[in-house]
1. Relative contact order, percent, of the chain when contacts are C-alpha pairs under 8 Å separated by at least 6 residues?
2. When the chain is fully extended, how far beyond the present Cα-Cα distance does CYS71 get from THR93, taking 0.36 nm per residue of separation?
3. DSSP loop chymotrypsin sites (Phe, Trp or Tyr not before Pro) in the range 86-118 with at most 14 other Cβ atoms within 10 Å of their Cβ, which ones?
4. Going through the cross-link list LYS25/LYS117; LYS13/LYS95; LYS13/LYS117, which pairs have a Cα-Cα distance over 29 Å in this structure?
5. Within the range 55-92, name every residue whose backbone N is under 16 Å away from a label modeled 7 Å from Cα of LYS46 along the Cβ vector.
6. Which of MET81, MET106 has the fewest other C-beta atoms within 10 Å, and how do the rest follow up to the most?
7. Using Cα springs under 10 Å in a Gaussian network model of the chain, which residue among LEU48, LEU70, LEU30 shows the largest mean-square fluctuation?
8. If I model a spin label at LEU116 and ARG27 as a point 7 Å from the Cα along the Cα→Cβ vector, what separation in nanometres do I get?
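What follows draws every value from the coordinates through simple rules; no lab data is involved. Every value quoted in this text rests on a predicted model; they were computed, and no experiment measured them. Backbone-built Cβ (ideal geometry, glycine too); neighbour counts: all protein chains shown.
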Amino acid sequence: MSYKEIYDSLRKKAEEAIDNKRNGKIRVVLNYSMCSVSVGANEVLKALQEVVAEGQFDDVIIETTGCAGLCSKEPILDVYMPDGERYTYEFVTPKKARAIVVSHTMYDEHIDKWLLKM
């Protein structure tokens, strides 16, 4: 077996594991870089973890990602719904983060006034 075949096999298994983990769940992805941390991303991440645990939202996955290049809009939070819809929120505070998770998980609704405006 060549190195490429080994790599392809490992990659396929990893992608399948990720797909299975995410299947049918809401993904909440926080941009987490120096610019977002400097304006409160640590507190937002903590609030996300707390609201998911307190609400026992088993259908929510919290992830972090790097810089999106929109430093002036940080903290930015993306919500990916199971149907493929994506909602991007700007200037997220811990209070907003809690409301966003509850709104999407319990009511299947987004919050228009907090969505990213370009």
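1. For the chain, the relative contact order is 29 percent.
2. Numbers: separation 22, 0.36 × 22 = 7.92 nm, distance 1.48 nm.
Working it through step by step, the gained length comes to 6.4 nm.
3. Taking the range 86-118 and a limit of 14 other Cβ atoms within 10 Å, the loop chymotrypsin sites (Phe, Trp or Tyr not before Pro) found are TYR107.
4. Those over the limit are LYS13/LYS95; LYS13/LYS117.
5. Answer for the range 55-92: none.
6. Listed from fewest to most nearby Cβ atoms, that is MET106, MET81.
7. Sorting by GNM fluctuation, first place goes to LEU70.
8. With each label placed 7 Å out from Cα toward Cβ, I get 1.4 nm.
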